[in-house]
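J.: A single structure is presented below for examination.
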């Protein structure tokens, strides 16, 4: 239990440091959908497992020069996030304060790998259903923090989850053995009691 508390405490320290130094995303996918340009990626790049992040969605109308930010889409768009063949997670789309045409959808990724944003709904009068998948030339996959940690490695969310699962398995096994020992003990006591009765 003490080790678990130490892991959690160390993880929080690392998380705080990442939040302090997280920067605005540089890697994004740009896509033209009708007369609009959609720019999609992580708000903080590179995205790391176990740390708060967000969808970074920016929408502009390219029919005018310069392109005009499209506002109010938090009311007309929905976003789902999925990874690893799991059920999608609906994200709450919010307008970014002080940044017209920019939208967030906050999430804390708890596993490394490829993530997919699916954006549906309306941009003004245009129906949209667009999928954006992380990867080379688009926006970054969610990465492990292992290569950034020094001198000690701190287990992050996915690794910690595996350790907790292993620990739970060990605890369950111990409980099974203890229960079996208890049953054997009760049976042995019952047998001893019957022998005493027979002798008396």
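The values are calculated or read from the model by the stated rules, or taken from the named source; none is laboratory data. Bear in mind that the values here come from a model prediction, so they are computed numbers and not experimental data. Note that we place each Cβ from the backbone using ideal geometry, even for glycine, and neighbour counts take in every protein chain shown.
J.: Of these, 88, 66, which one is surrounded by fewer than 14 Cβ atoms within 10 Å (Cβ to Cβ) and in contact with a strand residue (DSSP E or B) (Cβ under 6 Å, 6 or more places away or on another chain)?
T.: After applying the criteria, what remains is 88.
J.: Of all residues in region 114-131, count the ones that are out of contact with any helix residue (DSSP H, G or I) (no Cβ under 9 Å at 6 or more places or on another chain) and either closer than 19 Å to residue 41 by Cα or touching a residue at least 12 places away in the same chain (Cβ under 8 Å) (or both).
T.: Here the count works out to 12.
J.: Would you mind stating whether residue 62 is closer than 21 Å to residue 95 by Cα and modelled with pLDDT of 95 or more?
T.: Taking the combined requirement at face value, the residue satisfies it.
J.: Continuing with the same structure: Looking at region 122-144, which of the residues that are surrounded by 17 or more Cβ atoms within 10 Å (Cβ to Cβ) and either under 14 Å from residue 73 (Cα atoms) or not assigned by TED's automatic domain parsing to the domain that holds residue 50 (or both) is farthest from the chain's Cα centre (by Cα)?
T.: For region 122-144, the residue satisfying everything is 123.
J.: Continuing with this model, one more query. Name the one entry in 101, 113 that is modelled with pLDDT of 95 or more and surrounded by fewer than 16 Cβ atoms within 10 Å (Cβ to Cβ).
T.: 113
J.: Name every residue in region 121-148 that is within 28 Å of residue 61 (Cβ to Cβ) and in a strand (DSSP E or B), in order of residue number.
T.: 121, 122, 123, 126, 127, 128, 129, 130, 131, 132, 133
J.: Here is a list: 10, 26, 47. Which entry is closer than 30 Å to residue 151 by Cβ, at pLDDT below 95 and surrounded by 13 or more Cβ atoms within 10 Å (Cβ to Cβ)?
T.: Within the list 10, 26, 47, the selection yields 10.
J.: Restricting to region 56-111, count the residues that are touching a helix residue (DSSP H, G or I) at 6+ places or on another chain (Cβ under 7 Å) and closer than 22 Å to residue 135 by Cβ.
T.: The number of residues fulfilling the criteria is 4.
J.: Restricting attention to region 97-112, report how many residues are in a loop (DSSP other than H, G, I, E, B) and either under 15 Å from residue 41 (Cα atoms) or not assigned by TED's automatic domain parsing to the domain that holds residue 130 (or both).
T.: Residues flagged as in a loop (DSSP other than H, G, I, E, B) and either under 15 Å from residue 41 (Cα atoms) or not assigned by TED's automatic domain parsing to the domain that holds residue 130 (or both) within region 97-112 amount to 3.
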